[in-house]
Amino acid sequence: MTQNGNQTDLSLVPGKAGHHDCSRWLKVFNNLNYDPARGIAPHKPLLLLVLCDLAEEGKLGSRILPRSGDLAFRFSSYFRVVAPRRGTKPDVRLPFFHLRTEGVWRPLEPDGRIAEDRQRTTAVEIDASLMKCLQDPDFRFMSRRLLIARYFQPQERAKLYGLTGISIPNEDTVAADATRYQSSSDSEAKRDAKFAVRVLPAYDYTCALTRYRMIAVDGTTPLDAAHIHQFKRGGSNAPTNGIALCKTAHWLFDRGFWSIADDLTVLVATDRFDEAGPEAHLLKRMARSPLLQPSNRCFRPDPVCLAWHRAFHRFN
């Protein structure tokens, strides 16, 4: 197959003879565990990119991978791509220990016993089936494209595609890469329900744009939990990537008729539409008005997500 950012069919490899586990591992990579309250962390996907590099260079001679200076250097080099938004120093010990939760490997203490603490984890034992998949260049290519599309911001993706030698795909391909191996147990309905149950109460069932509030006694509401950075284009389900909007405001937001500044005021693309009606309902009159904010600061919109929305919809 052609390993090109726009042409590769990522559905080809899992069906190859002898690689029936590839599809399972791609699903694992597409559903890495993280703290929803803090958003998608880059540590695990970055270390998995390092793992692909080691396999490609023939440096995975056995299933035992020590926590070495070489490993830390490679991880730190990749981490520079995300450093501007993380504000923390790279620490390879975090993903080196916590990738155990996905079954990627077992953390080991110096004496070979299973480690229960990242401080005592000096090596890991890679899962045998994953080790086999990593020997396949097509699987490594698929893994890299999936990880980059799923867990990183647009400006970060461009750098990571370059570092891994992959041609930059178009936006539709990136969106497809990010969701192709979404776990069936995390269906769209379940995903939306989990997202909504965090976002809508945070805004007290009130539209952040119009201030209209409504919650029925049976628990239904006409409000939507709207993604700021669209989920289908790589956005996360962290509550900081969501705002409560009535359906009209949601439709207008997703189509770029309005956006949000870093100071959480409303930006309106006044040259993109005409409107009429009661003055209180007009979008243009809401320009520069403050967006309703959740009382809990932990749920306020992530500036990185806001920047994505403005860039995607061409707000200056």
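The values are calculated or read from the model by the stated rules, or taken from the named source; none is laboratory data. Keep in mind that this is a model prediction, so the values were computed, not measured. Neighbour counts are summed over all protein chains in view; Cβ atoms, including those assigned to glycine, are modelled from backbone coordinates with ideal geometry.
For this structure, a couple of remarks:
- Residues that are assigned to a loop (DSSP other than H, G, I, E, B) and out of contact with any helix residue (DSSP H, G or I) (no Cβ under 9 Å at 6 or more places or on another chain), drawn from segment 213-250: MET214, ALA216, VAL217, ASP218, GLY219, THR220
- Per this entry, ASP192 is counted among residues that are out of contact with any Asp or Glu (no Cβ under 7 Å at 6 or more places or on another chain), in the same structural domain as ALA225 (by TED's automatic domain parsing) and either over 16 Å from HIS43 (Cα atoms) or surrounded by fewer than 16 Cβ atoms within 10 Å (Cβ to Cβ) (or both).
To keep it simple, each residue is scored yes or no on (1) assigned to a helix (DSSP H, G or I); (2) on the phi > 0 side of the Ramachandran plot; (3) modelled with pLDDT of 95 or more; (4) within 18 Å of the chain's Cα centre (by Cα).
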position: SER77; (1), (2), (3), (4): yes, no, no, no
position: ARG85; (1), (2), (3), (4): yes, no, no, yes
position: THR88; (1), (2), (3), (4): no, no, no, no
position: ASP91; (1), (2), (3), (4): no, no, no, no
position: PRO107; (1), (2), (3), (4): no, no, yes, no
position: VAL124; (1), (2), (3), (4): no, no, yes, no
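- Residue within segment 228-244 that is within 19 Å of TYR205 (Cβ to Cβ) and either without any contact (Cβ under 8 Å) to a residue 40 or more places away in the chain or aromatic (Phe, Trp, Tyr) (or both) present: no
- Pick from segment 112-152, criterion touching a Lys or Arg at 6+ places or on another chain (Cβ under 9 Å), closer than 21 Å to ASN33 by Cβ and among the polar types (S, T, N, Q), ranking: surrounded by the fewest Cβ atoms within 10 Å (Cβ to Cβ): GLN119
- Within segment 51-75, tally of residues that are closer than 20 Å to GLY103 by Cα, among the charged types (D, E, K, R) and assigned to a loop (DSSP other than H, G, I, E, B): 2
- Residues in segment 260-286 that are touching a residue at least 24 places away in the same chain (Cβ under 8 Å) and not in a helix (DSSP H, G or I): ILE260, ALA261, ASP262, LEU264, THR265, VAL266, LEU267, ALA269, LEU283.
- Check on SER289, at pLDDT 95 or above, farther than 24 Å from ALA196 by Cα and in contact with a strand residue (DSSP E or B) (Cβ under 6 Å, 6 or more places away or on another chain): yes
- Residue check for GLN119: in a helix (DSSP H, G or I), among the polar types (S, T, N, Q) and modelled with pLDDT of 90 or more: yes
- Across segment 218-237, the qualifying residues are those that are of a type in the set (Gly, Ala, Ser) and touching a strand residue (DSSP E or B) at 6+ places or on another chain (Cβ under 6 Å), and the one among them that is surrounded by the fewest Cβ atoms within 10 Å (Cβ to Cβ) is GLY235.
- Residues in segment 287-316 that are within 16 Å of the chain's Cα centre (by Cα) and outside any helix (DSSP H, G or I): PRO301, ASP302.
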